[in-house]
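The values are calculated or read from the model by the stated rules, or taken from the named source; none is laboratory data. Just so it is clear, the structure is predicted and the values come from calculations on it, not from any experiment. Methodologically, a virtual Cβ is constructed for each residue, glycine included, from the backbone with ideal geometry; neighbour enumeration extends over all protein chains shown.
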């Protein structure tokens with residue numbers, strides 16, 4: 001064992017209490033581990049889908065690439081860049097993670113008469129890319145936070161299963177053996193003392209000399 005234990009009854013109680021705590025807490029850790037693993041698998045699927053959607057949206061925007069710049073007469077990329085990405089918080093297995101609520105963009109203020117007709121659609125498609133990218137980023141943050149927590153939980157599960165619980169059980173075994181030996185030795189001493197006492201009683205006790213009177217001459 002890692003450290004020397006006291007072979008006493010108080011230590012036996014302490015080890016039993018510790019073992020009870022470990023065995024009570026371990027199922028909760030395993031349940032949390034399972035919940036995190038299930039959630040992470042779902043987030044991984046959603047993140048891959050979001051990345052695929054971003055790639056697809058970018059492909060659909062490619063025809064507009066040559067038209068940007070001075071020909072548009074409008075800062076298309078600037079209008080498609082989010083002015084604010086709003087998130088809320090959600091608790092998953094005790095971990096607070098961000099959740100995407102809304103993606104806001106600057107107002108598209110430009111003349112409809114002096115700009116090409118394709119500008120509106122180009123801005124909308126670029127904004128779609130920004131929304132999907134924001135979703136993918138938030139999902140990546142969720143994955144990172146939950147993965148970190150899962151790593152900690154797995155470490156605790158291994159600590160309890162492979163170290164703490166076996167150590168407590170071994171300590172209890174050793175202490176019980178020692179206390180049993182002490183009890184056996186105490187019983188043996190008691191039997192020996194009782195045997196000596198019985199032997200003395202059967203012999204009538206030690207011989208006692210009676211005083212004799214001296215006759216005067």
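For the stretch 27-60, filtering for residues that are surrounded by 17 or more Cβ atoms within 10 Å (Cβ to Cβ) and over 17 Å from residue 149 (Cα atoms) leaves 5.
Each residue in the stretch 1-15 was checked for being touching a helix residue (DSSP H, G or I) at 6+ places or on another chain (Cβ under 7 Å) and either surrounded by 14 or more Cβ atoms within 10 Å (Cβ to Cβ) or at pLDDT 95 or above (or both), and 5 of them qualify. Only one entry in 68, 19 is touching a residue at least 24 places away in the same chain (Cβ under 8 Å), touching a helix residue (DSSP H, G or I) at 6+ places or on another chain (Cβ under 7 Å) and surrounded by 17 or more Cβ atoms within 10 Å (Cβ to Cβ), namely 19.
State all residues of the stretch 22-42 that are farther than 30 Å from residue 143 by Cβ and without any contact (Cβ under 8 Å) to a residue 60 or more places away in the chain; if no residue qualifies, say none. Across the stretch 22-42, the qualifying residue is only 24. Look at residue 177 and say whether it is over 34 Å from the mean Cα position of the chain (by Cα) and under 30 Å from residue 13 (Cα atoms). Against the criterion (over 34 Å from the mean Cα position of the chain (by Cα) and under 30 Å from residue 13 (Cα atoms)), residue 177 qualifies.
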